[in-house]
Structures are given as structure tokens and as C-alpha cells.
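A.B. asks: The structure under discussion is supplied below as C-alpha cells; questions concerning it will follow.
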Amino acid sequence: MPRFRNVRLGDLKNQATSRQKITDPKRTSDAACHEVLCMAEEQGAITAFQRYVAQQPQCGFGLTGICCRNCIQGPCRISSKSEANQKGICGASDYTIVARNYARLVAGGAACHSQHGHHVAKTVLKMAEGKAPDYKVSDPNKLSAVARQMGIETEGKSDRELVREVALAALDDYHSFTDDPPKWLWNNITEGRRKKFKHCDILPTAVDRAVVEIMDQTTMGMDSDPVNIIFGALKTSLVDFTGMHITTDLSDILFGTPRPIKTEANLGVLDKEYVNIAVHGHNPTLSEMIVEAAEQLQAEARSVGAKGIKVCGICCTGNELLMRQGVALAGNQASQELAVLTGVLDAMVVDVQCIMPALKPLSECFHTRFITTSETAKIPSSYHFDFQEERALETAKEMVRLAISAFRERDEKRVRIPSVKNEAIAGFSREAIYEILSATNRENPVRVINDAILSGELLGVCLFAGCNNLRIMQDESHVYIATELAKNNVLLLATGCAAGAFAKSGLLTPAAVDAYAGEGLKSFLKRVGGAAGVELPLVLHMGSCVDNTRAMDLCTDMANDLGVDVPKVPFAASAPEAMHEKAVSIGSWCVAMGLPVHVGVMPPLEGSQLVYGIATQIAHDVYGGHFILEQDPAEGARKIIDALEYRVWKLKIHRAAAEKYETPVAVHW
């Protein structure tokens, strides 16, 4: 402990040699999704679930990360068949190729999250300059708090003056020409992490520079040192943290910091008597306007025979609306096509990230209007609206009217909506959590969690994040691991499609506390919820995938309150169905921050024993965090519990020793 117990690569289940014959496309544990997939089979419709089966068997070289396409001499594939096959044409070894491929995954994820944040920052700047009149400062308290955190003077300034300075400071973190680290990174981590990142030379100077640097570092003829490449990847992941934090902070300022709110989740939220519009993607600057436009155009919907307009969410745009507006969540990433197959979706409006190109041809088989809105996320033959913040609400109304016109074209014979849906309570921002904890300890809310851990009431905290991945059953690992950890008194947080899985399955309810929580967790949730006059769910939904920094801020506050650095805090992360490059990037900064990070789908690291060892062992020696790469959900849950138990045990010993000998708590882990 806490190292990965099987230290030899040969002991591990290898994707390339253990591939199974998969023939059934209904790879989901969600009853609503299963019902729609049966419908798809009857109709001959093809979804991601069928396409996954059609891709089998997948390339073993790609699965293990030893396929290199970084120049056009390749692709090169590493094998042990002969001495000449053991390196690429340029002489790159397996460890170089695997490390480069991993680093480029991190770069892609960091680029996605950071571009999202850049867009939001520019929207805030336009608003401050009077160029985006449909937006406003919805949370002036969050604005002031962020300004102070970034060292910006707040006294005597109007909201518009202050928000302009905050937006410019955020944009400076993208383009700065100084050698200083990004403010949204430096000002939101522990002193121990600052020293560690400086010591290891992985402090980035600006978001854009870091992404360019890692792409340069991993081109043909550049870096071949796997440790140096992976440290470069960790440096890049820290600007992913930066861009994510900027996005969360500025979105809260624009649209409000989430507070607990009740809604419903799963495909059963669709209603055949309404005009149904799904918003899908990640950026709330669009989806918030769709909600407002739909509210203003209810009468127009009634004029065509509908009862009104219902907006639902898919993926992380759905999470953004769920936690701020109480908009129902229709599904997470793997479910996006299934909403169209119900026959009642009149329009799907998408912005950026995780959008399947297959949605457009599928929508052509129905009456659904498929609408794209971003210059960087176009899909051929779609209805495309050039969404500009200067005329945001007007453009949103045009999209909603397109959905209203589609309502009259429905084929009633093809309407089949699963009845499955569950209540959900979401909106647990860090601020909302502290408001609840303040009823127990007003002076220091985070100490309520730390005291519960030190007393043995809680084992620790685990953040669930990540995507859906059709290599495994949709949502199954999310739900299994969460309920297993709950039974062992782990406080559960969730973002992104993991949070969507919990919403759909009914885990975001107080009833789930009685059904699954161990006595300690149950006592904690009922005690702190009762003091605040609220009923808490089993899992605290903290937002979209870009909001993982909310959870990291909570961990940082726990560390500062305990007087230790993050590697000593009983806090873990789990991505049971990691799929996207963004998940790789998030997991990487979590490791750099000092967390044990479980990943339930094997990333392409097995091609090099050296790189695999860096991820699972050497990272712990240097940063205090490490990857737990475990595909079996039962084993994954056990290893997360092991990591938390180890940290609690060590934390208590170090605190007892410090108290006995009247010294500071030991700094090393």
C-alpha cells in the first residue's frame, strides 16, 4: 500500500490478449436505454452500441499504446517478433511511443477544457463592455470572491468594472508572456503543491504555451525520454486545471453559483404532449439562452397543439442546466442517440465536445431538427446557426421556433418513450456544501468533514468523474463502485457523465442514503443535513465535467485545515468509464495534485512496462498521487477503499506524533 499490488506487467489483465467476442450491442445497465436499444434493433437503427460491436476485434497495438503515427513514415507498431520490430523506424522504443501517445491525449483534453474557458471569458468581457446585452452578473458575491482570490482590488468598483478586470485576468492566464504561473492555478492550490511543482519544473506559464510545448515535445525527432515526456504531460494537465477553474468561476458569475435543486433524470423525462428540445454539449452560454427563449415562446408552442416547450439536457450541458435551472436530464454521453430514437425529440441543439457525428444521419430518419452552433463543431447537413453572444437570445429563439415547426411533423406511430425516470437532487457547488456544513460549524465548515474522518464516522471522500465507455456496460461500474464505497462510509461527490449515471439510477436522492449508505455515512448525511434543514442525497452532484475543480478546491481546503499537503488527505478520484481525452487530462492533474486516481477502463499504457510503472508507482513517489488501473469494479472499489484507509491511518499517526512531540505534522507522505 498504496502502490498497485501487481507490480509486474505480466500479472495484469492485458487488453490485447484478453479481448472477448462481443456480439450483443445492448451494453447498458440502464433500463430505459436497454428498452430503446431493443427498439433500435427492431427498426434496424444503428447507434454507437452497434458500431462498437462492429469494431471488434479492436487493434491490439492501439489498445496498448505502441502504435506511433507521429510522422508519415509510419504507422510503426512495436512487437517482439524480431530485433528490428522492437523499435519504430526512427528508433523510438516502446516507452517513447507510449509516453508520447499519453501526452498527446492530455494535450487534447487540456485544449478542450481550456478553449471552453476561453470562450466563457470572452463572453464575460463582451458583457462587461456592453456588447453582449443578454448576459449579466448573476452572482456578485462569487464575482467579489473570485476577484479577491486573484488579488484584484474590489473596493469602490461596480460589478461591470470588476467583472471586466476578472475577465482580463482570466484571458491573461491563456496568453501571458511572463514566466509567472497562471493565477487560476497558483492561487487555488496548497503551498506544498506550489513547492512540488516548482521543484519538479512542471509549473506552466500560460495555457496556450503549455499545449504548444507538449505538442512540440512529442513530435518526431524530439523528446524520447519517457519520464521527461510524462512530466511534460503533467505540466500540460495543470493548464487543464487552470482552464477548468476559469470556466467554473466565470460560469457561476454569469449564471449563478449552483444551490441544491430538485429535478428528474432519464429518458422518461421526455413528454409527447410538449415540444421537446434537447441541449447537448458543454457550454452554458448557449443552453442558458435556449432555456430563456423556450420560456418566452411557450404560447407559440401551444398555437401548434403542444402543451408547451420542454427543454431537457444531455451530457454536460445537461448537467449545467440541471444544477442551475432544475432542467431535467435525459441522458449522459452514451445515451445521446437514444433520445432521438424515442420519436418525440423535436430538436437537438449542440455546442461543443462529446457530440457524435452520427446524430445528424439518425435525426434524418425522424422529424428531429439537428442544430449545430459552433464554428469548431460543425456536422455536415445540419441546421447551423452562427451563435454569437451579441445577439444570443434572438438566435436562441430562432432555434426554438425551428423545434416548434418540427412538432407538427411527428410520426405518432414511432413514438415510444420509456417510462423510466428518477428524482434527482443536484447543485452542490463548494459554496452550497459549505452553506450546509455551516449549520454545524459556522466558523470553519470544512472541518465538519475532517472531524468526521478523524472520528471514524467517514472513511474519506471520493470524487466520481469521467464518461461512458462502451468497452464496458454503460453506467454499471459507476453505480457498483459508488454503492460499494457508500457501504464503506465514503462521502461521494460526482461530476459529468458519472453524475448523470447516478441521476438516472436514483442515487441522487435521500432514499438512496437509506438503501446504500453505511452507518457512518448515513449518520453524517442525516446529521449535517438535519442541522441545515435539508435532506441530502447519497451522492453530491457538483456539476459538469469542467467542474471537477470544485471538488479539488474542497480537497485543498481539507488539506489546509488539517495542516498537511494533499497527498495526506483521505480523498480519492474514480473514473469508472473514462473515454475522452479530457478524462485523461483530468486524471493526470489529479495525480499531480496528489490523489489516488482509479480508472476503470485500461488506457493505452500497457505497451511499456516502464511507462505503466511511472503511472502506477513512480508518480506516487514524486507527487503523492498515482493511477489505480483496474477494470474489475469490485477490485476497483476495494483498491480505492485501501488507498483511503491507508491515508486515514497515516494521517492519524502523524497527527498523534506531532501532538505528542509538539512539532509540525510531517510533510512527507
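The values are calculated or read from the model by the stated rules, or taken from the named source; none is laboratory data. Bear in mind that the values here come from a model prediction, so they are computed numbers and not experimental data. Neighbour counts are summed over all protein chains in view; Cβ atoms, including those assigned to glycine, are modelled from backbone coordinates with ideal geometry. What goes into the accessible areas is simple: the full protein's heavy atoms, side chains included, and nothing from ligands, DNA or RNA. Shrake-Rupley method; radii C 1.70, N 1.55, O 1.52, S 1.80 Å.
A.B. asks: For C365, are the conditions met, namely being closer than 24 Å to T257 by Cβ and either of a type in the set (A, V, I, L, M, F, W, C) or crowded, with 22+ Cβ neighbours inside 10 Å (or both)?
C.D. replies: For C365, the condition - closer than 24 Å to T257 by Cβ and either of a type in the set (A, V, I, L, M, F, W, C) or crowded, with 22+ Cβ neighbours inside 10 Å (or both) - is not met.
A.B. asks: Working only within segment 323-379, note down all residues that are touching a strand residue (DSSP E or B) at 6+ places or on another chain (Cβ under 6 Å) and charged (D, E, K, R).
C.D. replies: Selection gives D346, D351, K360, R369, K378.
A.B. asks: Quick check on R324: is it over 28 Å from the mean Cα position of the chain (by Cα) and either part of a helix (DSSP H, G or I) or not β-branched (V, I, T) (or both)?
C.D. replies: Against the criterion (over 28 Å from the mean Cα position of the chain (by Cα) and either part of a helix (DSSP H, G or I) or not β-branched (V, I, T) (or both)), R324 does not qualify.
A.B. asks: Only one of A406, A392, A396, A426 is crowded, with 16+ Cβ neighbours inside 10 Å, touching a His at 6+ places or on another chain (Cβ under 7 Å), closer than 30 Å to R259 by Cα and among the aliphatic types (A, V, I, L, M). Can you tell me which?
C.D. replies: Of the residues listed, the single one that is crowded, with 16+ Cβ neighbours inside 10 Å, touching a His at 6+ places or on another chain (Cβ under 7 Å), closer than 30 Å to R259 by Cα and among the aliphatic types (A, V, I, L, M) is A426.
A.B. asks: Next question, about the same structure. In segment 449-464, how many residues are open to solvent by less than 10 Å² (accessible area, probe 1.4 Å) and either touching a Ser or Thr at 6+ places or on another chain (Cβ under 8 Å) or modelled with pLDDT under 95 (or both)?
C.D. replies: Adding up the residues that qualify gives 3.
A.B. asks: Taking the criterion of being more than 26 Å from G625 (Cα to Cα) and touching a Gly at 6+ places or on another chain (Cβ under 9 Å), would at least one residue in segment 438-447 satisfy it?
C.D. replies: For segment 438-447, residues more than 26 Å from G625 (Cα to Cα) and touching a Gly at 6+ places or on another chain (Cβ under 9 Å): present.
A.B. asks: Using the structure shown, decide if T47 is under 27 Å from G500 (Cα atoms), hydroxyl-bearing (S, T, Y), at pLDDT 90 or above and surrounded by 12 or more Cβ atoms within 10 Å (Cβ to Cβ).
C.D. replies: yes
A.B. asks: What's the number of the condition A512 fails, among (1) open to solvent by 10 Å² or more (accessible area, probe 1.4 Å); (2) over 26 Å from H282 (Cβ atoms)?
C.D. replies: The single condition A512 does not satisfy is (1).
A.B. asks: Next up: What are the residues in segment 155-189 that are among the hydroxyl-bearing types (S, T, Y), crowded, with 16+ Cβ neighbours inside 10 Å and either touching a Cys at 6+ places or on another chain (Cβ under 8 Å) or farther than 14 Å from F241 by Cβ (or both), if any?
C.D. replies: S176
A.B. asks: Within segment 429-465, how many residues are within 16 Å of G543 (Cβ to Cβ) and assigned to a loop (DSSP other than H, G, I, E, B)?
C.D. replies: Summing the residues that are within 16 Å of G543 (Cβ to Cβ) and assigned to a loop (DSSP other than H, G, I, E, B) in segment 429-465 gives 2.
A.B. asks: Follow-up. Hey, K310 hits all of (1) surrounded by fewer than 24 Cβ atoms within 10 Å (Cβ to Cβ); (2) touching a residue at least 60 places away in the same chain (Cβ under 8 Å) but one; which does it fall short on?
C.D. replies: The failed condition is (2).
A.B. asks: Continuing with the same structure: Do we find that M593 is closer than 22 Å to G496 by Cβ, at pLDDT 95 or above, touching a helix residue (DSSP H, G or I) at 6+ places or on another chain (Cβ under 9 Å) and not acidic (D, E) in this structure?
C.D. replies: For M593, the condition - closer than 22 Å to G496 by Cβ, at pLDDT 95 or above, touching a helix residue (DSSP H, G or I) at 6+ places or on another chain (Cβ under 9 Å) and not acidic (D, E) - is met.
A.B. asks: Which ones in segment 460-481 are hydroxyl-bearing (S, T, Y) and under 21 Å from S585 (Cα atoms)?
C.D. replies: Within segment 460-481, S477 is the sole residue that qualifies.
For every residue, the table says whether it meets (1) open to solvent by 20 Å² or more (accessible area, probe 1.4 Å); (2) out of contact with any Phe, Trp or Tyr (no Cβ under 8 Å at 6 or more places or on another chain); (3) aliphatic (A, V, I, L, M); (4) in a loop (DSSP other than H, G, I, E, B).
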{"site": "N70", "(1), (2), (3), (4)": "yes, yes, no, yes"}
{"site": "Q73", "(1), (2), (3), (4)": "yes, yes, no, yes"}
{"site": "G88", "(1), (2), (3), (4)": "no, yes, no, yes"}
{"site": "T96", "(1), (2), (3), (4)": "no, yes, no, no"}
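A.B. asks: Yes or no: F370 assigned to a loop (DSSP other than H, G, I, E, B), aromatic (F, W, Y), closer than 26 Å to Y135 by Cα and touching a residue at least 12 places away in the same chain (Cβ under 8 Å)?
C.D. replies: Judged against the criteria, F370 is not a match.
A.B. asks: While we're here: With respect to A92, determine if the residue is within 26 Å of G613 (Cβ to Cβ) and within 26 Å of the chain's Cα centre (by Cα).
C.D. replies: For A92, the condition - within 26 Å of G613 (Cβ to Cβ) and within 26 Å of the chain's Cα centre (by Cα) - is not met.
A.B. asks: So, in segment 50-68, exactly how many residues are within 23 Å of S335 (Cα to Cα), part of a loop (DSSP other than H, G, I, E, B) and open to solvent by less than 60 Å² (accessible area, probe 1.4 Å)?
C.D. replies: 2
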